[in-house]
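Following: one structure in structure tokens, then a few remarks.
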Amino acid sequence: MSGTNTIEIRNLCKTYGDLVIFDHLNLTLAPDTVYCLTGASGIGKTTLLHMLLGLEAWDSGEILGLDGLRTAAVFQEDRLCLSFSPLENIRMAVGKTVSREEILKEAGKLLPPESLSRPASTLSGGQKRRTAILRALLAQSDLLVMDEPFTGLDDGTKELAVNYVREKARGKICVIATHDMQDAEVLNARRIPL
């Protein structure tokens, strides 16, 4: 990793008006571990992910170990360039660090070959989601943040995606927000209830 070995969340507090999201939250996130943030909608899972990505501020406390970390993310929305193909969407995230042949090989693990060169606007919802997953997992990162990554996937494609995440998350700090308790189980993840 380019940064420190762990991320330390210390006494983190966050409110929205009178609504308390975090009240002195303490966590240690270590590499080579998948963490699943679980809990009801509105409990703060996405807020914490956004804080780890530097997209949202907290009121008090600190998050140590983020400096110098390369991050990759799967957001709740796919955030694809719809006029670009899955290959082009992935290429934008990985730059020249991954060859076209390697992208084709990896994309073929989650997407049917005929979908790889079509505009993303023509893909099914599940194919768009898998493209977003591939884009994040193939980018060079130390911290991988995923917000409900398996939404919209049927059982078969979800199993493929889960196995792919397990393979590609090795050596990284991987934090996944999910409302599905089974996700933590199948990912062999450490569950963090919020």
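The values are calculated or read from the model by the stated rules, or taken from the named source; none is laboratory data. Being a predicted model, the structure only gives us computed values, none of them experimental. Glycine gets a Cβ as well: all are built from the backbone with ideal geometry, and neighbour counts include every protein chain shown. Surface accessibility is based on the protein's heavy atoms, side chains included, excluding ligands, DNA and RNA. Shrake-Rupley method; radii C 1.70, N 1.55, O 1.52, S 1.80 Å.
Table for the structure above
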{"item": "Filter pass, residue 41 being over 21 Å from residue 166 (Cα atoms), of a type in the set (Ser, Thr, Tyr), touching a Cys at 6+ places or on another chain (Cβ under 7 Å) and open to solvent by 40 Å² or more (accessible area, probe 1.4 Å)", "result": "no"}
{"item": "Which numbered condition residue 41 misses (of (1) in contact with a strand residue (DSSP E or B) (Cβ under 9 Å, 6 or more places away or on another chain); (2) closer than 20 Å to residue 193 by Cβ; (3) not in a strand (DSSP E or B))", "result": "(1)"}
{"item": "Residue list for segment 88-104, restricted to those being over 22 Å from residue 150 (Cβ atoms) and open to solvent by 40 Å² or more (accessible area, probe 1.4 Å)", "result": "88, 91, 92, 96, 97, 99, 100, 101, 102, 104"}
{"item": "Complete set of residues in segment 132-160 that are among the aliphatic types (A, V, I, L, M), assigned to a helix (DSSP H, G or I) and either crowded, with 23+ Cβ neighbours inside 10 Å or at pLDDT 95 or above (or both)", "result": "132, 133, 134, 136, 137, 138"}
{"item": "Meets criteria (open to solvent by 10 Å² or more (accessible area, probe 1.4 Å), touching a residue at least 12 places away in the same chain (Cβ under 8 Å) and over 22 Å from residue 175 (Cβ atoms)) for residue 109", "result": "yes"}
{"item": "Residue count for segment 72-83, restricted to those that are in contact with a strand residue (DSSP E or B) (Cβ under 6 Å, 6 or more places away or on another chain) and either among the small types (Gly, Ala, Ser) or buried (at least 17 other Cβ atoms within 10 Å of the Cβ) (or both)", "result": "4"}
{"item": "Criterion: closer than 30 Å to residue 28 by Cα, in a helix (DSSP H, G or I) and among the basic types (Lys, Arg) - qualifying residue of 91, 129", "result": "129"}
{"item": "Residues located in segment 173-189, provided they are charged (D, E, K, R) and either modelled with pLDDT of 95 or more or in a helix (DSSP H, G or I) (or both)", "result": "183, 185"}
